[in-house]
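Trainee: Pasting a structure here, questions to come.
The values are calculated or read from the model by the stated rules, or taken from the named source; none is laboratory data. Values in this document were obtained by computation on a predicted structure and should not be read as measured data. Glycine gets a Cβ as well: all are built from the backbone with ideal geometry, and neighbour counts include every protein chain shown. Heads up: the accessible areas ignore ligands, DNA and RNA and are worked out on the full protein's heavy atoms, side chains in. Shrake-Rupley method; radii C 1.70, N 1.55, O 1.52, S 1.80 Å.
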Amino acid sequence: MLDVRTLIVVLVFNSLIIAASMAVSAEFRLREGIGKWTCSLLLQAVMWVCYGMRGDWPDVATVVVPNTLFVIGTTLQVSATIDFYGRRLNLLWHVVPPLLFAALFFAVLPNPTQQAVATGTVLGLSMLIAGIVVNRLADSRRPARWMLVVGFLAAATALLLRAIFSFVDPTALRDFLAPSPIQVFTLLVCLAVMIVTSVGFMLLHKERLEETAQRLAVTDPLTGAFNRR
């Protein structure tokens, strides 16, 4: 069985490496959602550090804070995708849901089983909503869109299964850092989703650049008429 702390360390470094790679590949021009997606990855790194300190830090810092950061990170990724398509997500979506869920997480602190169920349910539904929004928003002609949608839905499935598993067997996830099969499975899915969705988001930009280059190669940029070639 894989060690949970080791997986968390991998998740932290993975978040930082992808964030740095994304910023460098965009030449630090953090526009069209790249800045928001990069911030979401940095928040995820902090989130995983907080999760990894379970038992050493107060429960507020290892339950309420990281779960709230997870919700904020999800709204940032959705907002980044919306920005890519030239729209804007209202600022309240970055504030109201995280505050409401933070209050919920704080309320279930005394009960580890309720913690696990609430975390899996809230975070799973957050990813499910993200997948639905991206599916409705994104251009169906772009293959990268499916990487985002499938990634969000995979994370939603794993987290909701974790909530159901915790409800059925209340003793299964009493120790967050214990190497249980469901915990290891959830962390591995989160690692895969982080990679797949981030690569998918960058592919959206790559596809758009290729389309722009192709259009400029065959049409006059001023009139839009086909050029001689």
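Trainee: Round to the nearest 0.05 the FRET efficiency obtained for V9 and T157 when R0 = 25 Å and r is the Cβ-Cβ distance.
Mentor: 0.50
Trainee: By how many degrees, between 0 and 90 and to the nearest 10, does the Cα long axis of helix 181-218 differ from the longest principal axis of the chain?
Mentor: Rounded to the nearest ten degrees, it is 10.
Trainee: How far is it, in nm, from the label point at R87 to the one at D175 when both lie 7 Å from their Cα along the line to the Cβ?
Mentor: Distance between label points: 4.7 nm.
Trainee: Pop a pseudo-label 7 angstrom from the Cα along the beta-carbon direction at both A107 and W57 and give the gap in nm to one decimal.
Mentor: In this crude spin-label approximation the distance works out to 2.4 nm.
Trainee: Also: Starting from the Cα-Cα distance between V150 and R208, subtract it from 0.36 nm times their residue separation and give me the gain in nm to one decimal.
Mentor: Contour length minus the Cα-Cα distance gives 18.8 nm.
Trainee: A further question on this structure: Residue by residue through the stretch 80-87, what is 3J(HN,Hα) from phi via Karplus (6.51 cos²θ - 1.76 cosθ + 1.60, θ = phi - 60°)? Round to whole Hz and write x for glycine and proline.
Mentor: 4, 5, 5, 4, 4, 8, x, 10
Trainee: If you wrap a convex hull around the alpha carbons of the chain, what volume per residue comes out, as a whole number of Å³?
Mentor: 126 Å³
Trainee: Further question on the same structure: Multiply the residue gap between M1 and F28 by 0.36 nm, knock off their C-alpha separation, and tell me the result in nm, one decimal place.
Mentor: Result: 5.8 nm gained on full extension.
Trainee: Would you mind listing how long the stretch 53-131 runs along its three principal axes, going by Cα atoms, in whole Å with the largest first?
Mentor: Projected onto its principal axes, the Cα set of the stretch 53-131 covers 43, 20, 20 Å.
Trainee: Could I ask something else about it? What are the ³J(HN,Hα) values, in whole Hz, obtained from phi via the Karplus relation 6.51 cos²θ - 1.76 cosθ + 1.60 with θ = phi - 60°, for each residue of the stretch 47-58 in sequence order, with x given for Gly and Pro?
Mentor: 4, 5, 4, 4, 4, x, 8, 4, x, 9, 9, x
Trainee: I'd like the Karplus ³J(HN,Hα) series for the stretch 25-30: coefficients 6.51, -1.76, 1.60, θ = phi - 60°, whole numbers in Hz, and an x wherever there's a Gly or Pro.
Mentor: Per-residue couplings from phi come out as 5, 8, 6, 6, 8, 7 Hz.
Trainee: Leaving out ligands, DNA and RNA, what percent of the accessible area of the chain is carbon and sulfur, probe 1.4 Å?
Mentor: On the chain, the fraction of accessible area on carbon and sulfur atoms equals 70 percent.
Trainee: If you filter the stretch 51-159 for chymotrypsin sites (Phe, Trp or Tyr not before Pro), then keep DSSP loop positions with at most 15 other Cβ within 10 Å, what is left?
Mentor: The qualifying sites are Y85.
Trainee: Between L125 and H94, what length comes free when the chain is fully extended (0.36 nm per residue of separation minus the Cα-Cα distance, one decimal in nm)?
Mentor: Residue separation times 0.36 nm, minus the Cα-Cα distance, leaves 9.6 nm.
Trainee: Between the stretch 5-47 and the stretch 121-184, what is the separation of their alpha carbon centroids in Å?
Mentor: Spelled out, the Cα-based centre of one part sits 19 Å from the other.
Trainee: Find the Rg to Rh ratio for the stretch 75-186, where Rh is the Kirkwood radius over alpha-carbon pairs and Rg uses the same atoms.
Mentor: Rg divided by Rh gives 1.04.
Trainee: Connecting C-alpha atoms closer than 10 Å in a GNM of the chain, tell me which of A163, A103, A144 has the biggest fluctuation.
Mentor: Greatest mean-square fluctuation among the candidates belongs to A103.
Trainee: Most mobile of Q77, Q214, Q115 per a Gaussian network model of the chain (Cα springs, under 10 Å)?
Mentor: Q214
Trainee: Return the distance in nm (one decimal) between the two label points of a simple spin-label model at N135 and V168, each offset 7 Å from Cα along Cα→Cβ.
Mentor: Distance between label points: 2.4 nm.
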